[in-house]
1. In what sequence do A:186, B:138, B:115 fall when counting other Cβ within 10 Å, fewest first?
2. For every helix of n ≥ 4 consecutive DSSP H residues, a contribution of -39,500 (n - 2.57) applies; sum these over the protein assembly as shown, divide by its total residues, and give [θ] at 222 nm rounded to the nearest 500 deg cm²/dmol.
3. For the stretch A:253-303, what are the per-bin percents of Cα-Cα distances with bins 10 Å wide, up to the bin holding the maximum?
4. Can you run the Rg to Rh ratio on the stretch A:219-272? Use alpha carbon positions and the Kirkwood inverse-distance Rh.
5. In degrees from 0 to 90, rounded to the nearest 10, what is the angle of the helix B:98-107 Cα long axis to the longest principal axis of chain B?
6. Compute the distance from the alpha-carbon center of the stretch B:84-124 to that of the stretch B:1-42, in whole Å.
7. What does the copy distance list look like for residue A:325, label position 7 Å along Cα→Cβ, in nm and ordered from shortest?
8. In Å³ and rounded to a whole number, note down the convex hull volume per residue for the Cα atoms of the protein assembly as shown.
């Protein structure tokens, strides 16, 4: 099989390495602005012109690894419309244009695969699709952002503060110079959209997901939770209910004896619940050049070998996003006790003007609304749901 | 697709339920000695004669769920030789006759799948095969026996003794009336043979695997390890080295912060290490009617849809079993300190005539030889390797 690669950065070059070393897949063309150090031998196949891929009838499949929305979207649509299969690790693109892209692929009778968008090297989306061939998925959840997990894990181990650990994560290359999409939960939100749509054959959009990140967490939150037998993780959550799909991203206080609590460094752990199969979890590297590159190549091999895994939007009417009335207890840390807060607090401790509270069971929607309100007002606050 | 089912016990009926509820696979014939309560409507398709399946040209695939070696082996060989694909959860059969059965399938150009033999409902073997399409697996390990895990987990939680927890496991239906294959490690050994052969394209046999079970564990072992920050799990291990494959089954003292230590009840967690993908783990129900039945049906769907996953014995010469010279530290509890033992003990405590020892780094082979020797002499002893 001849393939083209758009973008020759971390994942593009990782996929190239894996394909070359371990398969007979031939990389015929690479679209890149310039060559890459150490790859001078590829000068002959590097082009600056997307048409060289799209118009090449011998290229059956294109790996889009340029990242971001544009020109990635235009390129992917052009490839699909030219009858080429597409494999991409681009979660921003797939999450933002899920319906348009899956519909375009389907209309052209070609495959669009994006296993590495959620879970990096973990074959999460592939197994989700394989499971639902004869089971009904009722829930997906998990740790899908390695940067946040690295920060939270280091804070727990070292008692260090958020800013310090974020800086180290940046130095190690785990976190971007602008880390906001990781720490505010947006990256996890995108993986929630993609995972939930695959799990439930739905068409959720980014704006359907309640989202609260870890950007306001402090060392004292970790210390408080640790004392009670918990550690904090940022989790995606999506549940199928009679009313529709409830989906949200938030910090969760996980008991130290849970699998999630013991996911170290920048690893991921993602879980599905099926009516017959029960609870199944998948653990591994959620990012990285070779793991993500390998996941891309596995998608390419699946397409080459005619391994069909179905997504359809068949449930998108029946299972729309619904209000997040899921009720949980929350840990809340804030500086100013108001009547509004008091109304749903079960118990609290005050230390040096800081309130550490455990809420009565309240809905995700209510807690997130309050969190957003506090953020907008510039008041210090952090919360995490408490997993029993 | 028309299929036949041989044996209508727990897994056979589970697979029937899943296939009927969630697929268009048609169960055309069931070989059973007698009907099953609640399935009187199947009287028309139940037969007592294997020829009714083998000679039926419309049956493309047979699920063998009768268990044990004979007549299962004869039936499976007859089906493969008649050009029918076979799916089976029968780990005893696959482990004991791995070479004969895979060779017979290959010679007849049909598929033989057995994902549910190792990990029950977990798509472990399937993902192992999918991963190695473009990666080199260097190691497999994990918790693959739910009965032992249930016993060890309960002993840890309750401080209870082995015999008591074994009895409860039997009452719950997790352990057989004769639990020896679980507690002596033989069941785990069979899954090690199967997993290692798939991972490394090898042809290990049961006698190649060093094996020590949990039948001599006592509450005081768990208590000692707990105090040091460990819990005990029974693990399969297989590593690819330049000298060949080292494979062994033994109790392992796992740090409380490891994923393995936090696998509760009768669940399984199985791990592969690939050169590019790194460490990946798969968690879920390792047994049970519907999970195992679903795993069987997933194999059937894969075959129906032409989803090829390759096993070949291509490395069986290059990667034969080699001496287990893997060096580890061990926890050893015994009653009588001899010179032989003293020679490799790093430190020990004595309490009420019982010696709790930590060994110097010694080889798996040496430790297992000593364990077997003590067992043969009827001397009380338990050991577990210590994972750092």
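What follows is calculated from the coordinates using simple rules that are stated; it is not laboratory data. Just so it is clear, the structure is predicted and the values come from calculations on it, not from any experiment. In this analysis, Cβ positions are derived from the backbone assuming ideal geometry, glycine residues included, and neighbour counts consider all displayed protein chains.
1. Going from sparsest to densest Cβ surroundings: B:138, A:186, B:115.
2. That calculation yields -10000 deg cm²/dmol at 222 nm.
3. Bin by bin from 0 Å, the calculated values are 20, 37, 33, 9, 0.
4. With Rh from the inverse mean 1/r over Cα pairs, Rg/Rh is 1.05.
5. In chain B, helix B:98-107 runs at an angle near 30 degrees to the longest axis.
6. 19 Å
7. 6.8
8. Hull volume over Cα atoms, normalised by residue count, gives 183 Å³.
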